Ligand SMILES: [Mn+2]
């Protein structure tokens, strides 16, 4: 794969001589950090380029892009692998760095792509691929390794530290990895990070400053200390107290993991928090601020932090609402139709947090639904580490009900947008499907 990457970089330099570039990326953390790495790389090459960040690569978007200026070179990052059918008709070369599922047989000579699936290689996120591309262009781009690490954490690949990631970690300056509790931010006072920590939900503590005080007092830990500053003994005490509150089911792995600490804006930051902040800004409708934040623009930093603060509050409120909401509980699944009680922009995050709350047995399928004007956003997550293919579950439901909706995602996390008028039909059919799925095992 590395060889192909270096050839792709050479081809790119050759083809892009005197031509403008059109960069198109995805709006999640991996996509934004990929775009940031590419932006820096292209600027350093003195290339003219424009950038577009999209939620998804719908057919009409590709049509639009293909019919723009022919002299312009299309360059996709963190998407396009499932759109080869449409892109192969381009008369000009199309560059793609992506890690989503792909049918390699469709690739023709116009498609210049690196996707780890084509090499039977271990997983690597798009920010990682963009970094490898940047490094193949010039060793001077090695300072972008930290940005790639943010993308890696954004796509939750930090637990699969394979050889690609080891290489990027080795290239990163100022990166520190430390085993700890997965509470973020690890670099802010505990009284705040515990209250707002949503990497998992601690009953009585998450969202409650009083609960946080109690937790810290019983362990004799100052709320002004950061997680990063705690001694091993203090951390282990804290873990025990948290597990007790989480109706521990013996699964400690979910709350423990590696902390990634990096220097960003000249301050030690928790990479997990940077990743969530970028994601929040982008999903709430400010992808350009998220990108400028990655490019270390001081003004964007303030704006991004304001958006993030507001997002954290909304998330805490949504989690409180989720606790109260009526749910359809079945064997091995739960459907929560939040209607207008939770915003569609955060229903996915809420469902993710619930899936790691230890209230659900490993393998349980969680479905969150929230209104989005005349549509409904559906998010599927699975508790624990393995389970059924969620993308298939949603696709099956949609095909049976003959709805017209595209399902995005993969095994462990999937989602779709359905029409509000299909609400009842969808819930009924989904429930039936999930009951069958459970019988199968
Ligand atoms: Mn990605």
request  = For region 27-81, name all the residues that are within 13 Å of the ligand (Cβ to nearest atom) and over 18 Å from residue 291 (Cα atoms).
outcome  = 57, 80, 81
remark   = Counting only residues that are more than 16 Å from the ligand (Cβ to nearest atom) and not in a helix (DSSP H, G or I), region 97-107 contains a total of 2
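Take the residues of region 159-173 that are in a helix (DSSP H, G or I) and under 15 Å from residue 258 (Cβ atoms): which is nearest to the chain's Cα centre (by Cα)?
Per the stated criteria, the residue is 165.
Say we look at region 139-166 and pick out the residues that are surrounded by fewer than 18 Cβ atoms within 10 Å (Cβ to Cβ) and touching a helix residue (DSSP H, G or I) at 6+ places or on another chain (Cβ under 8 Å); which of these is farthest from residue 238 (Cα to Cα)? Talk me through it step by step, then tell me what you get.
Initially, region 139-166 is screened for residues surrounded by fewer than 18 Cβ atoms within 10 Å (Cβ to Cβ), giving 139-140, 142-143, 156, 159-163, 166.
Filter once more, so that each one left must be touching a helix residue (DSSP H, G or I) at 6+ places or on another chain (Cβ under 8 Å): 140, 142, 161.
Details: 140: 42, 142: 37, 161: 27 Å.
If we take residues in region 139-166 being surrounded by fewer than 18 Cβ atoms within 10 Å (Cβ to Cβ) and touching a helix residue (DSSP H, G or I) at 6+ places or on another chain (Cβ under 8 Å), then 140 is farthest from residue 238 (Cα to Cα).
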ask   = Hey, residue 113 hits all of (1) crowded, with 20+ Cβ neighbours inside 10 Å; (2) within 16 Å of the ligand (Cβ to nearest atom); (3) part of a helix (DSSP H, G or I) but one; which does it fall short on?
value = (3)
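Scan region 409-424 for residues that are more than 20 Å from residue 333 (Cβ to Cβ) and surrounded by 14 or more Cβ atoms within 10 Å (Cβ to Cβ) and jot them down. Write out each step before concluding.
If we filter region 409-424 for residues that are more than 20 Å from residue 333 (Cβ to Cβ), which is where we start, we get 417, 419-421.
Scanning region 409-424 gives 417, 419.
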ask   = Based on what the data block shows, is residue 94 more than 16 Å from the ligand (Cβ to nearest atom), touching a strand residue (DSSP E or B) at 6+ places or on another chain (Cβ under 6 Å) and under 21 Å from residue 124 (Cβ atoms)?
value = yes
ask   = In region 354-367, is there at least one residue being out of contact with any strand residue (DSSP E or B) (no Cβ under 8 Å at 6 or more places or on another chain) and crowded, with 22+ Cβ neighbours inside 10 Å?
value = yes
query = If you take the residues in region 116-138 that are surrounded by 20 or more Cβ atoms within 10 Å (Cβ to Cβ) and either at pLDDT below 95 or part of a loop (DSSP other than H, G, I, E, B) (or both), which one is nearest to the ligand (Cβ to nearest atom)?
reply = 125
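The values are calculated or read from the model by the stated rules, or taken from the named source; none is laboratory data. Only a predicted model underlies this, so the values are computations on that prediction, with no experimental measurement involved. Note: ideal-geometry Cβ built from the backbone for every residue, glycine included; neighbour counts use all protein chains shown.
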